[in-house]
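First comes the structure, then the notes that go with it.
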Amino acid sequence: MNQFKVPVDLLMSNMAQGVRKARTRARKASEVLLDTLETALSQTPYEVVYQEDRVKLKHYMARKPSGYKTPLLVVYALINRETMLDLQPGRSVVERFLDEGIDLYMIDWGYPKRKDRFQGFDDHINGYMNNVVDFIREKHKVDKINLMGICMGGSFSVMYSALYPEKIKNLVTTVTPTNFNTDKGLLHIWMKSVDVDAVVDTYGNLSGDIMNLGFLLLNPARLMIDKYVGFAEHMDNKNFVENFIRMEKWIFDSPDLPGEVFREFIKECYQQNKLIQSRLEVGGKRVDLKKITMPVINFYGKFDHLVPPEACDQLTRHVGSRDTEDVCLNTGHIGIYVSSKCQDAFAPKIATWLKERDGGPATGDTQAKSGRKSAGPKFKKAKKSLAAAAPSDMEPNRRNRAV
Amino acid sequence: MEGKINDPFGIESLMMTWTASMNDAMEVMSKTWSAFPGTAGDGGNDAGESGPMEAMAAAFKNWQTIASAMTTPESMASFIKGTETLPEICAHFAQAVMDSLSELQQKMGKSAASFGESVDSYKFKHMDESGFHIWTDIYKKEFQKFFQIPQLGLTREYQERINAMADKFNLFQADHAEFLRLLSLPFQQAAAMMQKDIADMAEKGELPEDSQVYYQMWIKMLEGHFMTLFQTPEYVQTLAKTLGALSEFSRAKNAVLEDMLQGFPVAKESEMDELARDLYELKKRVTKLERENRELKSLVSADQGCC
């Protein structure tokens, strides 16, 4: 029998030291946890300028005169809340946009109730979104506004831009699934087998808690174990605890998803992949991606486990616009918005991109030509500034077919 | 037979005693009810129609007749014959249960024998799910039919819904247990891999001294096993099946709850859903009409401007 050389004495001594450290940490942690913690989300001032049912439109207070002719509307997903873009002062995409002088609006989808179970794509896109866009257009006396979509909100924004190209000047999509025919993400694998009719017919809306459980199950080792082990190891650090609790608050603040939207998203998109093929119909109108003739910039995360690059990087090939750009960031689904490194690069990149296209002509075709002519040198400039901000975090993968 | 009758604790003696006492009680009750005014005995019902008192007295009289008939040797023999078949039914039922349990035990024994076999890294070849499948099969073959027996009488629909709920609950439990078993596999495999790796490292004298290293090794293995499991068709099928079973159980449970709610002055969920749908469709119509109205107004004002 082999005699293993197990350094039992060293292991025991390390364990004893570990126990001592843990006791000290626990004592300090109790002081931290019993102290006043600053964990509030969404602290940047805003006013609600429009409301329809549960849906609100937030307008953020400008910090300096807007240097943009066109306001920006941000459309978040119906899953989780838009507060993620404004987690805390100093770590906020909203703040970054305001600092850049962007006139910023954001849709707060609210908390759908059981009565909202019958609301589908049509109600959200041709209804709420269109009303909000019209409201902003009217308020600013402009024909077109800039539109930025996040995740499922990005899919909505793509649908909207294809249905109402005359109202959108520039389209920004971030971690937006448009191609669902991939097996790189677990959601894409799982959703193909789910009997969504049974779920929706039984429950009406999809419960936020069930959705969260599903997201936790995407990586239980990290999200249900390692994350809390990490918390236990740093719970004597007030700053860490505050940030951790903010994220917990955001992650588990999940509104229910209206049943019909869930049904349509799973059946039409995940199971039949209609969006990228321009076969999707919303409110009886076909979502033809070729009608997206405005400039498009498409961000996605290289390590995104929810919406993998393969789900995002086909959009620019299918739209009708000639001024398109793909930007792949070295991060995951949420990292784009919350990691300090990405924030340094992400929001300024959007601001620069929008600025370059802010005064362009109104019509789609002319705009495309204009973008084609000017995109080269302007992009070089943008790339330079990005490289200075975060050289390793951003991989511009520009696809400008006109060049 | 004679011997059995003489046996004070035999089924026949007990039956005779019980029917005789019931007979006496019914006679007393029948006489008592007949004494009430309004029964046929006193001719109180002018219209010649049978009132409730009369009906009750008649019912007691009928029972007395039936009970007397039951005490005859022929009836008693028939009853005894019936009771003799009861143990036979029970024996059949017990035999089916025992056979099923025996089959289950054999499969579980086989499953248990495969524990401790060598663990292939990040492979899920040996997902021994026969235990759960066999239980589901047995349930579907042997037990489910009891919940599907057609019910009779006034409350048949309610009872059927209760049975359906119990049936769907059992099916969900089976799928849920299988799902949980799948989720436990990465833990088992990561633990086995850890033991193997630690043994290898110990043999080479390369055991880390920091416990954090062990934790990091374990969590990485666990993550790897989960990622592999989650992409297997078995997991995807089980997940879909469990969600489907949960939906069916929830629907069956809601149907029973709605039956129960009928007795209370509150709206049922299905009624609220119908109301919500009406409201939803009404709002859509109003929005459409408003839009059309706006467009018409703008057309009219454009026309007026032209003229």
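Any read-out appearing in this document is the output of simple, stated calculations on the displayed coordinates, not a laboratory observation. It should be emphasised that the depicted structure is a prediction, and the values quoted were computed from it without experimental measurement. Cβ placement follows ideal geometry from the backbone for every residue including glycine, while neighbour counts extend to all protein chains displayed.
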(request) With springs only between Cα atoms under 10 Å apart, run a GNM on chain A and tell me which of A:Leu87, A:Leu206, A:Leu37 wobbles the most. (result) A:Leu37
(request) Work out the P(r) tail for segment A:45-131: percent of alpha carbon pairs separated by more than 22 Å, whole number. (result) 30
(request) For chain A, with a Gaussian network of springs between Cα atoms less than 10 Å apart, report the residue from A:Lys167, A:Lys184, A:Lys21 with the top mean-square fluctuation. (result) A:Lys21
(request) Before anything else, pin down the relative contact order of chain A: Cα pairs under 8 Å, at least 6 apart, normalised by residue count, whole percent. (result) 18
(request) Inverting the mean 1/r over all pairs of different Cα atoms, compute the Kirkwood radius of segment B:166-307 and quote it in Å. (result) 21.8
(request) Compute the FRET efficiency between B:Arg251 and B:Gln151 as 1/(1 + (r/R0)^6), taking r as their Cβ-Cβ distance and R0 = 22 Å, and round to the nearest 0.05. (result) 0.70
(request) Compare A:Gly110, A:Gly301, A:Gly259 in a GNM of chain A, Cα atoms joined below 10 Å, and give the one with the largest fluctuation. (result) A:Gly110
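Out of every Cα-Cα pair in segment A:1-160, what percent are more than 25 Å apart?
Here the tail beyond 25 Å accounts for 48 percent of pairs.
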(message) Given a Förster distance of 30 Å, report the FRET efficiency between A:Leu41 and A:Glu138 from their Cβ-Cβ distance, rounded to the nearest 0.05.
(response) 0.50
(message) Counting only other chains, and only Cβ atoms inside 10 Å, what mean value do you get across the residues of B:226-238?
(response) 3
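Diagonalise the Cα gyration tensor of segment A:234-329 and give the resulting equivalent ellipsoid semi-axes, square root of 5 times each eigenvalue, largest first, whole Å.
Semi-axes, largest first: 34, 20, 11 Å.
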(message) Which log10 I(q)/I(0) values does chain A give at q = 0.07 Å⁻¹ under the Debye formula, counting every alpha carbon as one identical point scatterer?
(response) -0.35
(request) Can you run the Rg to Rh ratio on segment B:232-307? Use alpha carbon positions and the Kirkwood inverse-distance Rh. (result) 1.41
(message) Can you tell me the length gained on complete extension of the stretch B:Glu209 to B:Arg277, counting 0.36 nm per residue apart and subtracting the Cα distance?
(response) 18.0 nm
